[in-house]
Amino acid sequence: MNKQLILEKVIDLFNNKISAVDVEIKEVQEQVKSSPTAMESHSDTSRFQSGTLLQNLQRRKGELIKAINQLTRMTLETRECAHVGSIVALDSEDPLYLLLPQGADFLEFEIEGIKVVAIGADTILGKSLNGHKIGDSFTINLPKGEKKRKIKSIS
C-alpha cells in the first residue's frame, strides 16, 4: 500500500472537513449578528449561545489545520515500531490502520480497494498499537470485552 497516497487522501478529507466548518462558521456569524443580546427579548438561540458555537467551530478548524500540518511533516520511512504515521495491518480481517497525531479525527475510507481506518494515537486502539513491533500480540480493552490482536505488518 502506498503510504504517500494514504496520507494525501487523509489530508484531502481533512481539507473537506475544513471547508464544511468554514460554511458553518459563516452561517453562525450571520446568526450572531441577528441574535438578541442579553437585554433584548430572547429567542431559542441567544447571542451568547451563538458566540459559544462560533468559538467551538473556530477551535475545531484550528485542530484540523494543526492535524494537516502534522501530517504534511510526517516521514514516509518505516520504523521497527508502530508510531504516529505508521500504517499497521493486523492478523485479523481488520482494515489497515493509520496512526494519526493525538486528537485527530477518526476517518474511514477505501483506497485502491483496501479499507483504511485513520485513528488518533490517543484512542484505545491507537494506544494499543503505539510502540509495538511486527509479531507483537496485544489486548484491546473495549466496553464489549477484550480483543486479542497481533501485528502483521508496519509501514
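Please treat every number below as a calculation from the coordinates, not as lab data. Predicted model, so just to flag it, every value in this text is computed and none were measured. All Cβ positions, even for glycine, are placed from backbone atoms using ideal geometry, and neighbour counts span all protein chains on display.
The figures follow:
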read-out	value
Proximal lysines to residue 133, defined as alpha-carbon separation beneath 19 angstrom and excluding residues fewer than eight positions away on the same chain	3, 147, 148, 150, 152
Dipole magnitude of the chain about its Cα centre (Cβ charges: Lys, Arg +1; Asp, Glu -1), debye to nearest 20	440
Amide hydrogen neighbours beyond the local backbone of residue 83, cut-off 5 Å, H modeled	131
Positive minus negative residues near residue 9 (Lys, Arg vs Asp, Glu; Cβ under 11 Å)	-3
Proximal aspartates and glutamates relative to residue 115, as straight alpha-carbon distance under 16 Å, when same-chain residues fewer than 8 apart are discounted	8, 91, 93, 94
Full-stretch length increase - residue 110, residue 11 - with 0.36 nm per residue and alpha-carbon distance subtracted	34.2 nm
Approximate spin-label separation residue 69-residue 152, in nm, with each point projected 7 Å along Cα-to-Cβ	3.7
14 Å Cα-Cα reach of residue 26 towards aspartates and glutamates, excluding residues that sit fewer than 8 places from it in its own chain	none
Pairwise label distance in nanometres, residue 92 with residue 137, each label 7 Å out on the Cα-Cβ vector	1.4
Net charge over other residues, Cβ less than 12 angstrom from the Cβ of residue 125 (K, R count +1; D, E count -1)	+1
Given [x] 1.16; [y] 1.02; [z] 1.33, the label whose value is Cα Rg over 2.2 N^0.38 Å derived from this model	[z]
Potential extension, residue 25-residue 127 segment - 0.36 nm per residue separation minus Cα distance	33.4 nm
The stretch 87-154: mean projected area of Cα convex hull, nm²	4.6
Radius 15 Å from Cβ of residue 83, net charge of other residues (Lys, Arg +1; Asp, Glu -1)	+1
